[in-house]
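The values are calculated or read from the model by the stated rules, or taken from the named source; none is laboratory data. Keep in mind that what you see is a predicted model, and the values were worked out from it rather than measured. Every residue, glycine among them, receives a Cβ derived from its backbone with ideal geometry; neighbour counts consider all protein chains shown.
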Amino acid sequence: MTPSPLYKRVLLKVSGEALMGNRDYGLDTDTVSGIAQDVRDVVAMGVEVCLVIGGGNIFRGVAGAAAGMDRAQADYMGMLATVMNALAMQSALEKLEVPTRVQSAIPMSSVCEPYIRRRAERHMEKGRVVIFAAGTGNPFFTTDTAAALRAAEMNCDAMLKGTQVDGVYSADPRKVANAKRYEELTYLDVLARDLNVMDASAISLSRENHLPIIVFNIHAPGAFAAVMRGQGNFTRITEPQA
């Protein structure tokens, strides 16, 4: 018998780089389609799903600032990149007949809805996937922080971060052969050990709202659905058990 999903409503955070596949820049349509199929499978389990997608495959604000651009201006450019990625994911999901809405923190009514919390909740209650674009709408905040914020606003049961590897490691396992993979961590573990999971503000916001963070490999087919059933490899970040 297939186990029931552990969570009723979740937010999936996907980095922009995860959409590149083997490309050096931009979008790989096969990779986007693969992620969309995994989202469809989780929706079919009866889970309400929302997404936040980064924009680093197109433009990264921090990199632009490092190159001499005004940081706020560079961050706004990065927010626009996340809208492009959100529209691409919406297209891939709707090809799979998954009803999807994009809501942007920067209003652009010609291409998507403005972010309205109650409307987003209503979409999810009706079984629609909601993709939150343009971060928080403010410079100096990452899409990790936007994901933690939206997950808290949507009363999600967990936030899942799809990465390039199957969990949180003590070092990059693609570069360090003996890097240790963690099964369980606390929020303070992540902050104290400076583990490269999410930025500190996202971790702190998740901790304040008792929001579990689950890190898994977004590129492993079926991994999203498996994690929702508590199966496969992943790292769970929560408060320490009493």
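Computed quantities for the displayed model
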| quantity | calculated |
| --- | --- |
| Residue check, Arg117 of a type in the set (Lys, Arg), surrounded by fewer than 17 Cβ atoms within 10 Å (Cβ to Cβ) and under 19 Å from the mean Cα position of the chain (by Cα) | yes |
| Complete set of residues in the range 124-143 that are under 21 Å from Glu48 (Cβ atoms) and either touching a helix residue (DSSP H, G or I) at 6+ places or on another chain (Cβ under 9 Å) or surrounded by 18 or more Cβ atoms within 10 Å (Cβ to Cβ) (or both) | Met124, Gly127, Arg128, Val129, Val130, Ile131, Phe132, Ala133, Thr143 |
| Condition broken by Ser4, with the remaining ones in (1) within 24 Å of Ala151 (Cβ to Cβ); (2) at pLDDT 95 or above; (3) among the hydroxyl-bearing types (Ser, Thr, Tyr) satisfied | (2) |
| Given (1) modelled with pLDDT of 95 or more; (2) touching a Lys or Arg at 6+ places or on another chain (Cβ under 7 Å), number of the condition Ser170 does not satisfy | (1) |
| The range 217-242: number of residues that are surrounded by fewer than 23 Cβ atoms within 10 Å (Cβ to Cβ), within 16 Å of the chain's Cα centre (by Cα) and in a strand (DSSP E or B) | 2 |
| Subset of the range 87-136 (residues that are touching a residue at least 24 places away in the same chain (Cβ under 8 Å), hydroxyl-bearing (Ser, Thr, Tyr) and touching a Pro at 6+ places or on another chain (Cβ under 9 Å)) | Ser104 |
| Complete set of residues in the range 160-204 that are in a strand (DSSP E or B), among the hydrophobic types (A, V, I, L, M, F, W, C) and either more than 26 Å from Leu6 (Cα to Cα) or without any contact (Cβ under 8 Å) to a residue 60 or more places away in the chain (or both) | Leu185 |
| Filter result for Met84 (touching an Asp or Glu at 6+ places or on another chain (Cβ under 8 Å), surrounded by 14 or more Cβ atoms within 10 Å (Cβ to Cβ) and at negative phi) | no |
| Residue tally, condition assigned to a helix (DSSP H, G or I), touching a helix residue (DSSP H, G or I) at 6+ places or on another chain (Cβ under 7 Å) and either closer than 19 Å to Lys161 by Cα or β-branched (Val, Ile, Thr) (or both), over the range 41-64 | 2 |
